[in-house]
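The values are calculated or read from the model by the stated rules, or taken from the named source; none is laboratory data. These numbers were taken from a predicted model, which means no experiment stands behind them. Here the Cβ positions follow ideal geometry from the backbone for every residue, glycine too, while neighbour counts run over all protein chains shown. Calculation scope for accessible area: heavy atoms of the full protein, side chains included, ligands and nucleic acids excluded. Shrake-Rupley method; radii C 1.70, N 1.55, O 1.52, S 1.80 Å.
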Amino acid sequence: MSLTGMTIQAQGLPTDGPLTIRPMLQQLGERLLNGKTGSIVAINPENGEIICLATNTPQGSDVRQAIGKPQAPGSTFKTAQALTLLSEGFVTPDTKMECNSGITDGNIKVGCHKHRSPLNLKDALAQSCNTWFIVNFGSMINDDFMYETKEEAITNWRSYMQSMGLGGPMHIDIPGEQGGLLAGADYLNRRYKEGWDGKTIWWAGMGQGDVTCTPLQLCNLAVTIANRGWYYVPHIHKDTKNQRYLTKRQTKVAKEAYPPVIEGMRLAVEQGTATSIKTTYPICGKTGTIENPGVDHSAFIAFAPMNNPKIAIAVYIEHGGFGADLAAPIAGLIIEQYLKGRLSDTSEAKATRIEKKKN
């Protein structure tokens with residue numbers, strides 16, 4: 001079953017042949033984006049099929065909002081940071097860090113919301129602790145025992161991120177895809193001509209600063225976590241014979257890094273920043289709140305169920321506020337529609353409230 005020609009054309013999606021899009025998800029996604037600027041991308045982790053690609057802008061639907069507009073990922077990026085830090089052996093699941101509403105170092109201050117302290121890795125993910133991630137990331141880049149130079153450290157870090165589908169186009173089967181930014185040694189040497197180190201780029205540790213991703217890439221990141229280390233290049237044409245979309249790709253992340261990160265994402269929904277979408281079926285998720293001029297952007301990545309994932313999703317709403325305010329509830333509704341086949345009466349009422357909310 002494919003979308004109507006009108007909907008396909010409105011979204012700017014391909015029209016040559018049947019698509020992998022699920023109409024029930026697409027229709028709900030478009031409804032939830034009413035009056036907002038943003039996108040919803042959902043993928044079947046088992047095969048890389050894009051099952052929802054809903055977008056909206058002040059000018060109407062535009063697929064480039066999801067695949068061609070890289071923006072700061074915010075705290076959703078902490079999942080990739082945790083996987084990298086664990087894989088490099090720089091932290092363990094038990095690594096704890098103090099955080100008292102953020103951290104100040106000289107004239108640099110990075111805030112954090114109030115939460116208990118100290119936190120280990122899974123709690124730092126669940127509570128989205130900025131301090132835990134920026135300090136550990138900065139310390140990794142500055143570690144002159146593990147790496148001969150900071151250039152070697154950042155190059156190694158970047159290779160992990162690229163293996164998760166971040167930093168460059170994945171070459172999906174839709175025109176207009178853009179790659180985004182992952183700070184590399186050459187880029188940093190050009191930008192910070194007076195020198196740089198791990199502290200200079202602290203903000204990348206929490207998904208701000210010298211890092212940008214598309215919602216499509218963030219959804220694929222969720223896919224790699226759901227699959228514990230592999231993915232297929234996302235695609236929208238059904239029954240493709242192109243080997244690019246049929247070849248399983250492995251991340252560089254160590255296998256043992258996935259369980260604690262998944263546990264942290266589960267904890268985020270159970271008792272952390274995403275409790276608004278707590279359900280009887282286990283969702284693993286990570287909120288993101290992206291600072292920018294005006295109201296913050298709202299982002300969320302997730303997959304479900306935890307141990308038999310059928311859907312991975314990324315929601316990015318410009319000026320939507322905290323990640324838990326808008327992106328997470330939207331993702332929860334899409335997941336419910338897909339796994340249950342319909343929304344409960346309570347969820348339908350929530351969908352109506354979100355539909356009426358305009359940014």
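Taking a sphere under 15 Å around the Cβ of T275 and counting the other residues whose Cβ falls inside, with K and R at +1 and D and E at -1, yields a net charge of +1.
Ranked highest first by the average count of other Cβ atoms within 10 Å around their residues, in what order do 156-162, 57-63, 199-205 fall? Present the calculation step by step, with values, prior to reporting the outcome.
On the way: 156-162: 19.9, 57-63: 14.9, 199-205: 22.1.
Ranked from most to least packed, the peptides come out as 199-205, 156-162, 57-63.
Here is the list for the range 113-185: GluC sites (Glu not before Pro) lying in DSSP coil, each with at most 16 other C-beta atoms within 10 angstrom of its C-beta, are E148.
Per-atom-type breakdown for the chain gives carbon and sulfur 49% of the accessible area (1.4 Å probe, protein chains only).
What's the long-distance tail for the range 79-234, i.e. % of Cα pairs beyond 21 Å?
I get 48 percent for the Cα pairs in the range 79-234 exceeding 21 Å.
All alpha carbon pair distances within the range 218-318 were sorted into 10 Å bins beginning at 0; the resulting P(r) in whole percents reads 15, 40, 31, 13, 1. Computed with a 1.4 Å probe over protein heavy atoms only, the accessible surface of the chain comes to 40 Å² per residue. Computed log10 I(q)/I(0) for the range 217-275 at 0.22 Å⁻¹: -0.89, from the Debye equation with unit scatterers placed on every C-alpha and solvent omitted. Annotation for the range 250-327 versus the range 69-101: alpha-carbon center distance of 13 Å. For the range 109-190, the spread of Cα positions along the three principal axes, ordered from largest to smallest, is 46, 35, 22 Å.
Using the Cα centre as the reference, give the magnitude of the dipole from point charges on the C-beta atoms of the chain (Lys, Arg: +1; Asp, Glu: -1; all else neutral), rounded to the nearest 20 debye.
Details: 36 positive and 33 negative charges, 166 e Å.
Computed about the Cα centre, the dipole is about 800 debye.
Just to confirm the filter: which GluC sites (Glu not before Pro) across the range 278-359 are DSSP coil and have at most 14 other Cβ within 10 angstrom of their Cβ? Present the calculation step by step, with values, prior to reporting the outcome.
Values: sites: E291, E318, E336, E348, E355; in loops: E291, E318.
The qualifying sites are E291.
How big is the Kirkwood radius of the range 281-342, worked out from every pair of different alpha carbons and given in Å to one decimal? Walk me through the numbers before you get to the answer.
Numbers: mean 1/r = 0.0856 Å⁻¹.
After inverting the mean inverse Cα-Cα distance, the result is 11.7 Å.
Answer rounded, prolate or oblate for the chain, using the Cα gyration tensor with square roots of eigenvalues a ≥ b ≥ c: rounded when a/c is under 1.5, else prolate when a/b is larger than b/c, else oblate. Prolate shape, in that a/c is at least 1.5 and a/b is the bigger ratio. Can you pull out the trypsin sites (Lys or Arg not before Pro) in the range 37-127 that DSSP calls coil and that have at most 11 other Cβ atoms within 10 Å? Of the trypsin sites (Lys or Arg not before Pro), the ones in loops of the range 37-127 whose Cβ has at most 11 other Cβ atoms within 10 Å are K114, R116. Computed over the alpha carbons of the range 147-247, Rg followed by Dmax gives 15.7, 52 Å. Which residues does a label at T57 reach in the range 307-326, if reach means a backbone N under 18 Å from a point 7 Å past the Cα toward the Cβ? The answer is 316-320.
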